[in-house]
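*Asks:* Take this structure first; my questions come after.
The values are calculated or read from the model by the stated rules, or taken from the named source; none is laboratory data. On a predicted model such as this, the values are computed, not experimentally measured, just so you know. Cβ sites come from the backbone with ideal geometry, for glycine too, and all protein chains shown count toward neighbours. Side chains are part of the model used for accessible areas, which takes the heavy atoms of the whole protein and leaves out ligands, DNA and RNA. Shrake-Rupley method; radii C 1.70, N 1.55, O 1.52, S 1.80 Å.
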Amino acid sequence: MTEVDDSHEFGSEDVTETKLRLLEEYIQAFATALRGKFPRIWYIDAFAGTGSRTIRIGATDANMFGEAKEETVDRKRGSARIALDVQPHFDRLIFMEQRKKHYDALMELRQQHPQRDIFVLQGDANDIIQSQLHLADWRGTRAVIFLDPYGMNVDWKTLECIAATGAIDVWYLFSLSGLFRQAARNISGIDQHKRAAITRMLGTSEWESELYQREEVFTDLFGTESKHERQRIADVAGLERYVTRRLRTIFPMVLEPFALPPVRRPQIFSLYFALSNKDPKAIGLAKKIAGHILNSGKPSHSRSR
Ligand SMILES: C[S@@+](CC[C@H](N)C(=O)[O-])C[C@H]1O[C@@H](n2cnc3c(N)ncnc32)[C@H](O)[C@@H]1O
């Protein structure tokens, strides 16, 4: 059998380590709390990667403190393997992946666990979720979905489909730096392509009036009319607040996002936890568990007491 290459380098170490730690803590608590209460508990990884992550530790020259070191390559678990290891086990794991090489690595992972119920789907996660999620019987099922794209790849319609199940808890790594880049300071800097990408991600074109100055016409002393260039009025924090407001229009509960990286600035991602279940008891439990995990994961100076 030819060996499948599951090497996959992504993200900076502090971002990747933190997001996967928070995810693991939650899915572990989720499986423990819901086991036996629902006939089926599932884990869905929409941007699953390979199941592994590769960390390169750079070579160092000799210095007065030590000898030269060669580059080393370390292999750690990615989100798919982390979910497989959760005890008690998820009844089903669904991995979606667009890239063939990554899909092959996930298929290999599946073969290594013949006793587990694992679905590996190749394709655009947006298409798969939008066309298939409603086919499941969500009445006896509770699930966690992890949305961990490289950039702005999650369509609003995909989030609406997830919210419509009323049964899925969501961890969504939102690319705040991606939005910041697309939402240029001057509105004239936003071409058709960028405009469409922002609208696809936020599910409305109203972001233009929410995030940018209104169009104003000025008349000078001689009666000549001129327009000022419309500029973005929202800074990074304002963009994040707007995203949170948007998510709260479709999910019954969205916690304040976790800033990543956790200590360094600028902020690159907002890690969101959202709940699609409207039941007050489910909201209370998820708020308690996810709220605690997010709060204790913060650097000590920014924790709420
Ligand atoms: C940041 S990596 C995911 C890492 C993974 N969560 C882990 O911890 O190992 C993003 C993955 O999404 C895949 N991807 C990108 N666009 C996609 C899409 N539209 N649908 C499904 N997968 C996609 C990429 O090939 C890549 O493997």
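*Asks:* Can you tell me which residues in the stretch 47-72 are open to solvent by 60 Å² or more (accessible area, probe 1.4 Å) and within 16 Å of the ligand (Cβ to nearest atom)?
*Replies:* Within the stretch 47-72, Arg56 is the sole residue that qualifies.
*Asks:* Please tell me if Leu179 is within 16 Å of the ligand (Cβ to nearest atom) and crowded, with 17+ Cβ neighbours inside 10 Å.
*Replies:* Details: within 16 Å of the ligand (Cβ to nearest atom): no; crowded, with 17+ Cβ neighbours inside 10 Å: yes.
It is false that Leu179 is within 16 Å of the ligand (Cβ to nearest atom) and crowded, with 17+ Cβ neighbours inside 10 Å.
*Asks:* Based on what the data block shows, is Ala290 in contact (Cβ under 8 Å) with a residue 24 or more places away in the chain, within 22 Å of Gly166 (Cβ to Cβ) and part of a strand (DSSP E or B)?
*Replies:* no
*Asks:* Something else now. Restricting attention to the stretch 152-174, which residues are open to solvent by less than 10 Å² (accessible area, probe 1.4 Å) and either over 23 Å from Leu93 (Cβ atoms) or in a helix (DSSP H, G or I) (or both)?
*Replies:* Within the stretch 152-174, Thr158, Leu159, Ile162, Phe174 meet the criteria.
*Asks:* Taking the stretch 9-19, which residues are touching a residue at least 40 places away in the same chain (Cβ under 8 Å), assigned to a helix (DSSP H, G or I), within 12 Å of the ligand (Cβ to nearest atom) and more than 16 Å from Gly291 (Cα to Cα)?
*Replies:* Val15 - this is the single residue of the stretch 9-19 that is touching a residue at least 40 places away in the same chain (Cβ under 8 Å), assigned to a helix (DSSP H, G or I), within 12 Å of the ligand (Cβ to nearest atom) and more than 16 Å from Gly291 (Cα to Cα).
*Asks:* A further question on this structure: Scanning for something more than 23 Å from Gln28 (Cα to Cα), surrounded by fewer than 13 Cβ atoms within 10 Å (Cβ to Cβ) and either within 11 Å of the ligand (Cβ to nearest atom) or in contact (Cβ under 8 Å) with a residue 60 or more places away in the chain (or both), does the stretch 100-118 turn up at least one residue?
*Replies:* Within the stretch 100-118, one or more residues are more than 23 Å from Gln28 (Cα to Cα), surrounded by fewer than 13 Cβ atoms within 10 Å (Cβ to Cβ) and either within 11 Å of the ligand (Cβ to nearest atom) or in contact (Cβ under 8 Å) with a residue 60 or more places away in the chain (or both).
*Asks:* Counting just the residues of the stretch 79-99 that are within 9 Å of the ligand (Cβ to nearest atom) and not in a helix (DSSP H, G or I), which one comes out surrounded by the fewest Cβ atoms within 10 Å (Cβ to Cβ)?
*Replies:* Arg99
*Asks:* Please go through the stretch 28-58 and give me each residue that is touching a Lys or Arg at 6+ places or on another chain (Cβ under 6 Å), in a loop (DSSP other than H, G, I, E, B) and hydroxyl-bearing (Ser, Thr, Tyr), ordered by number.
*Replies:* none
*Asks:* Of all residues in the stretch 120-151, count the ones that are crowded, with 18+ Cβ neighbours inside 10 Å, under 13 Å from the mean Cα position of the chain (by Cα) and not in a helix (DSSP H, G or I).
*Replies:* Number of matching residues: 5.
*Asks:* All but one of (1) more than 12 Å from the ligand (Cβ to nearest atom); (2) surrounded by 12 or more Cβ atoms within 10 Å (Cβ to Cβ); (3) assigned to a strand (DSSP E or B) hold for Arg75; which doesn't?
*Replies:* (1)
*Asks:* Can you tell me how many residues in the stretch 24-71 are small (Gly, Ala, Ser), farther than 12 Å from Ala83 by Cβ, without any contact (Cβ under 8 Å) to a residue 60 or more places away in the chain and touching a helix residue (DSSP H, G or I) at 6+ places or on another chain (Cβ under 9 Å)?
*Replies:* So the answer is 1.
*Asks:* Sticking with this one: Considering only residues of the stretch 25-46 that are within 16 Å of the ligand (Cβ to nearest atom) and either open to solvent by less than 10 Å² (accessible area, probe 1.4 Å) or among the basic types (Lys, Arg) (or both), which is nearest to Asn153 (Cα to Cα)?
*Replies:* Once the filter is applied, the top-ranked residue is Ala46.
Table: residues versus (1) out of contact with any Ser or Thr (no Cβ under 9 Å at 6 or more places or on another chain); (2) at pLDDT 95 or above; (3) closer than 26 Å to Asp124 by Cα.
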| residue | (1), (2), (3) |
| --- | --- |
| Trp42 | no, yes, yes |
| Asn63 | yes, no, no |
| Ala68 | no, no, no |
| Leu106 | no, yes, yes |
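*Asks:* Please verify whether Asp61 is touching a Lys or Arg at 6+ places or on another chain (Cβ under 8 Å) and of a type in the set (D, E, K, R), treating the condition exactly as stated. Please lay out each step first, then the result.
*Replies:* Values: touching a Lys or Arg at 6+ places or on another chain (Cβ under 8 Å): no; of a type in the set (D, E, K, R): yes.
No: the conditions fail for Asp61.
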